[in-house]
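The values are calculated or read from the model by the stated rules, or taken from the named source; none is laboratory data. Please read all numbers here as calculations on a predicted model, not as lab measurements. Cβ coordinates were reconstructed from backbone atoms using ideal geometry, including for glycine residues, and neighbour counts include every protein chain displayed. Side chains are part of the model used for accessible areas, which takes the heavy atoms of the whole protein and leaves out ligands, DNA and RNA. Shrake-Rupley method; radii C 1.70, N 1.55, O 1.52, S 1.80 Å.
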Amino acid sequence: LDQRDGWIWFDGEMREWKECKVHVLTHALHYASSVFEGQRAYNGEVFKLHEHSERLRKSANILDFEIPYSADEIDAACREVLEKNNLTNAYMRPLAWRGSHELGLGAHNNPVHLAIAAWEWPSLFSMEEKLKGVRLAWSDWQRPAPDSAPFASKASGLYMICTLSKHAAEAKGYSDALMRDYRGYVAEATGANVFFIKNGEIHTPKPDCFLDGITRRTVIGLAKEQGINVIERVIMPDEIGDFEECFLTGSAAEVTPVAEIEGTIFEKRDICQKMIEAYADAVQPKKAAAE
Ligand code: PMP
């Protein structure tokens, strides 16, 4: 990924993709003092761009640092990246991190950097998986308690157990993992929120120790618009077999059906299909209403 041609917005200027490097004494590399966003552009416009830029700034604030650009400036930089790279449908990755001025744990004097990259990335999962549904394995790692990790921040450090979970799932022949939380409740996948369906109603865990995804909130809104009841509640792992459908949501994953959670099969797709279509429609830029 680092050897491509293209341009990355880096601390206020466009730099050649291959030249966007950081020093090995970068604070973020040692202590995970970095936060990021994942967002998609559809037909030239980033879906919920301003919400992503605001979340990026909030994520940094939660880690006790300030990004030296406003959310409006981050929005503008994202648009510049798309234009400079001639991209209309793309995945984008803004990243903010503490630099290499000093290396102690106390890091107030470190400059904060911001870089924004974009590239074509059709799907988090393969096309086949998006059609047939992904197969998930249970992770042995738990999402930590709210007083053990700054869960509302999209902080790089929180992804350590996600990579471990994904690798463990892949080693068992699955493509992703479903994680429980510190209480043993169903939480989320490694980079996406999870939803279940039973008797025409949608059930999803309360985001009280994991990221309340922008896609999650969008899909809840779309479901309600269609008159589908959405229940946010505690979901126990042993209830999984009672559900008829399951899907994941995320900016990268969009709405992806789940075919199996380690032996529990989900074959029905009615509401899942509705949500896939509603989301695919919602992300498209809306043309100004005809006068
Ligand atoms: N949980 C985790 C751990 C994630 O990485 C993501 C992707 N950002 C999500 C949930 C979904 O968030 P969003 O819908 O805002 O992309």
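Segment 241-291 and segment 174-188 have their alpha-carbon centroids 19 Å apart. Taking all protein chains into account, the per residue accessible area for segment 7-119 stands at 48 Å² (1.4 Å probe). Kirkwood hydrodynamic radius of segment 186-291, from the reciprocal of the average inverse Cα-Cα distance over all distinct pairs: 14.2 Å. Helix 49-62 against the longest principal axis of the chain: what's the angle in degrees, Cα atoms only, rounded to the nearest 10? For 49-62 against the chain, the angle is about 70 degrees. To put it simply, the accessible area of the chain at a 1.4 Å probe is 50 percent carbon and sulfur.
Just need log10 I(q)/I(0) for segment 7-119 at q = 0.10, 0.13, 0.16, 0.19 Å⁻¹, Debye formula, equal scatterers on the alpha-carbon atoms, no solvent, rounded to two decimals. Log-scaled intensity ratios, in q order: -0.28, -0.46, -0.69, -0.94.
The calculated 222 nm mean residue ellipticity attributable to helices in the chain amounts to -8000 deg cm²/dmol, summing -39500 (n - 2.57) over DSSP H runs of n ≥ 4 and dividing by all residues. Computed over segment 65-174, the Cα gyration tensor eigenvalues convert (square root of 5λ each) into semi-axes of 30, 25, 11 Å, ordered from largest to smallest.
What share of the DSSP beta bridges in segment 127-282 is antiparallel, in percent to the nearest 5? Of all bridge pairs located within segment 127-282, approximately 60 percent are antiparallel. Against the compact-protein benchmark of 2.2 N^0.38 Å, the Cα-based radius of gyration of segment 106-220 scales to 1.20. Principal-axis analysis of the Cα atoms of the chain puts helix 214-225 at an angle of about 40° to the longest axis.
How large is Rg/Rh for the chain, to two decimals, with Cα atoms and a Kirkwood Rh?
For the chain, the value is 0.97.
If you take the beta carbon distance between E225 and A171 as r and set R0 to 41 Å, what does 1/(1 + (r/R0)^6) give as a FRET efficiency, to the nearest 0.05? Once rounded, the FRET efficiency stands at 0.50.
A 1.4 Å probe run over the protein chains yields, for segment 127-282, 42 Å² of accessible area per residue, whole-number rounding. Only Cα sites of segment 228-289 enter the Debye sum here, all with the same form factor; the resulting log10 I(q)/I(0) across q = 0.26 1/Å is -1.25, listed in q order.
Here each label is just a point 7 Å from Cα along the line to Cβ, and for L1 and K18 those points are 1.9 nm apart.
Mean silhouette area of segment 144-189, derived from the convex hull of its C-alpha atoms and averaged over all directions, reads 3.3 nm². Please work out, to two decimal places, the log10 of the ratio I(q)/I(0) at q = 0.11, 0.13, 0.18, 0.24 Å⁻¹ from a Debye calculation in which every Cα of segment 159-247 carries one identical scatterer. With one equal scatterer per Cα and no solvent, log10 I(q)/I(0) is -0.32, -0.44, -0.83, -1.30. Quick check: the angle from helix 270-282's long axis to the longest principal axis of the chain, C-alpha only, nearest 10 degrees? The helix 270-282 is inclined about 30 degrees to the chain.
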